[in-house]
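**Q** After the structure tokens below, expect a handful of questions from me.
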Amino acid sequence: MLLSSLVKKIGSRSDDRNINRLELANDVHHLKQVFDRCSKAARIGVWECNLADERLSWTDMVYELFDIEPGTPLVRSEIVAMYSPAALLELQRLRSDAIEQQGGFSLDAEIVTRKGNRRWIRITATVECEDGRPVRVSGLKQDVTAEVMLLEEIRRRADFDHLTGLANRFRFHERLGGLCASETGCALLLVDLDGFKRVNDILGHQTGDVCLVETANRLSAAAENADLVSRVGGDEFAVIYNGASIHQIEAAAARIVAALQWDTGDGIMLGASVGIAWASPGSTSASLYEEADKAMYRAKTSGRNRFVAHRPAGDLDAA
């Protein structure tokens with residue numbers, strides 16, 4: 001009787017253990033499904049590299065980030081070849097430092113996948129040690145392409161004119177101020193369109209915008225080797241040269257005047273008045289801008305479609 005009761009108790013405990021194991025297996029399976037769904041939604045995966053033989057292990061999402069079929073054998077040398085040269089150099093530096101210091105690192109890296117797609121991935125890594133020796137590097141890889149593209153677009157809008165694609169007023173003043181402070185010898189050309197108001201008044205602002213884009217294209221082509229070409233507002237543009245001779249600057253101004261003379265096709269002729277000023281010791285961006293603006297005004301009042309150069313000594317020459 002006692003033996004029978006004991007057998008029943010042991011059997012009951014065994015059944016309980018089996019049930020617990022089954023419940024645990026179900027929980028693990030459920031958590032894996034949750035992880036896989038979250039991983040796919042966040043486009044983030046887990047990776048590991050064994051330092052002894054450089055063997056890689058990836059979850060399915062990392063395979064997807066590199067456009068590789070899950071389960072495909074991984075060769076580390078082939079994988080790192082997908083990184084851009086700059087990203088690979090930085091990855092190698094950070095990885096070596098992390099292994100030496102038994103720490104970790106984080107890096108946003110550009111890759112070209114096996115299918116030729118360009119992506120940005122955020123790599124986080126931690127070095128694992130056993131008995132004080134680094135044995136593995138593991139971490140996460142996440143697709144951050146959309147985030148990087150958004151940041152680049154924000155930077156582009158902050159620095160460039162939305163209509164013409166040229167540097168905007170903010171970037172222009174930032175660059176001009178930096179060159180004046182460095183006293184490396186720069187020249188500023190201010191360019192104002194002649195006849196543009198008639199385009200807006202007669203043909204409308206949409207046609208005016210088309211003319212501004214065409215002006216930007218012609219100006220960029222004519223301003224060879226310029227340090228910066230910018231739209232500073234309305235129909236006013238600016239060109240900065242650094243380290244060019246007086247002859248080179250005046251030749252560029254003549255090319256600009258010639259390039260910006262054209263017929264809109266509706267009987268309206270456009271042209272350009274250009275003012276030039278050279279930085280001298282003690283020049284500021286404000287003083288250089290003022291001198292170029294005065295020279296440009298002189299070009300307008302003396303007939304337009306020409307350039308006038310303001311020299312440090314106050315001598316004005318017109319071409």
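**Q** Roughly how many Å² of Arg304 are accessible to a 1.4 Å probe, to the nearest 10?
**A** Answer for Arg304: close to 110 Å² accessible.
**Q** Quick check: pseudo-label points 7 Å beyond the Cα along Cα→Cβ at Glu90 and Arg118, how many nm apart are they?
**A** Result: 1.5 nm between the two label points.
**Q** Carbon and sulfur atoms: what percent of the 1.4 Å accessible area of the stretch 91-221 do they account for?
**A** Working: 3600 of 7230 Å².
Whole-percent figure for carbon plus sulfur exposure: 50.
**Q** What shape does the stretch 247-288 have by the C-alpha gyration tensor, where a ≥ b ≥ c are the square roots of the eigenvalues, rounded means a/c under 1.5, and otherwise prolate means a/b greater than b/c and oblate the rest?
**A** Numbers: a/c = 6.57, a/b = 2.39, b/c = 2.75.
Oblate shape, in that a/c is at least 1.5 and b/c is the bigger or equal ratio.
**Q** Normalized C-alpha radius of gyration of the stretch 58-196, against 2.2 N^0.38 Å? Kindly include the intermediate steps, with their values, before the conclusion.
**A** Working: Rg = 22.2 Å, N = 139, 2.2 N^0.38 = 14.3 Å.
Compactness ratio reported: 1.54.
**Q** With a cap of 15 neighbouring Cβ atoms within 10 Å, and only residues DSSP puts in a loop, list the GluC sites (Glu not before Pro) found in the stretch 132-235. Present the calculation step by step, with values, prior to reporting the outcome.
**A** Values: sites: Glu147, Glu152, Glu153, Glu174, Glu183, Glu214, Glu224; in loops: Glu183, Glu224.
Qualifying residues, ordered by number: Glu183, Glu224.
**Q** Regarding the stretch 112-151, what are the three Cα extents along the principal axes, ordered largest first, in Å?
**A** That gives 43, 24, 9 Å along the principal axes, largest extent first.
**Q** While we're here: Could you report the stretch 215-302's accessible area per residue, 1.4 Å probe, as an integer in Å²? Present the calculation step by step, with values, prior to reporting the outcome.
**A** Working: 3680 Å² over 88 residues.
Here the per-residue accessible area is 42 Å².
**Q** Between Ser287 and Leu107, what is the spin-label point distance in nm, taking each point 7 Å from the Cα along the Cα→C-beta axis?
**A** The two pseudo-label positions are separated by 4.8 nm.
**Q** Using the heavy atoms of the protein chains and a 1.4 angstrom probe, tell me the accessible area per residue for the stretch 150-204 in square angstrom. Please report the intermediate quantities before stating the final value.
**A** Details: 3040 Å² over 55 residues.
Averaged over the residues of the stretch 150-204, the accessible area is 55 Å².
**Q** Enter the per residue convex hull volume of the stretch 188-319, computed from alpha-carbon coordinates, in Å³ rounded to the nearest integer. Don't jump to the answer; show the numbers that get you there.
**A** Details: hull volume 12.9 nm³, N = 132.
Each residue corresponds to 97 Å³ of Cα convex hull volume.
**Q** Let me ask another. Could you report the accessible area of Asp293 in Å², rounded to 10, computed with a 1.4 Å probe on the protein chains as they sit in the structure?
**A** 60
**Q** How many angstrom lie between the Cα centre of the stretch 237-301 and the Cα centre of the stretch 135-191?
**A** Here the answer is 24 Å between Cα centres.
The values are calculated or read from the model by the stated rules, or taken from the named source; none is laboratory data. Treat the numbers as computed from the prediction; the structure is a model and nothing was measured. For neighbour counting, all protein chains shown are included, and Cβ atoms are generated from backbone atoms with ideal geometry for every residue, glycine included. Just the protein is used for accessible areas: all its heavy atoms, side chains included, with ligands, DNA and RNA removed. Shrake-Rupley method; radii C 1.70, N 1.55, O 1.52, S 1.80 Å.
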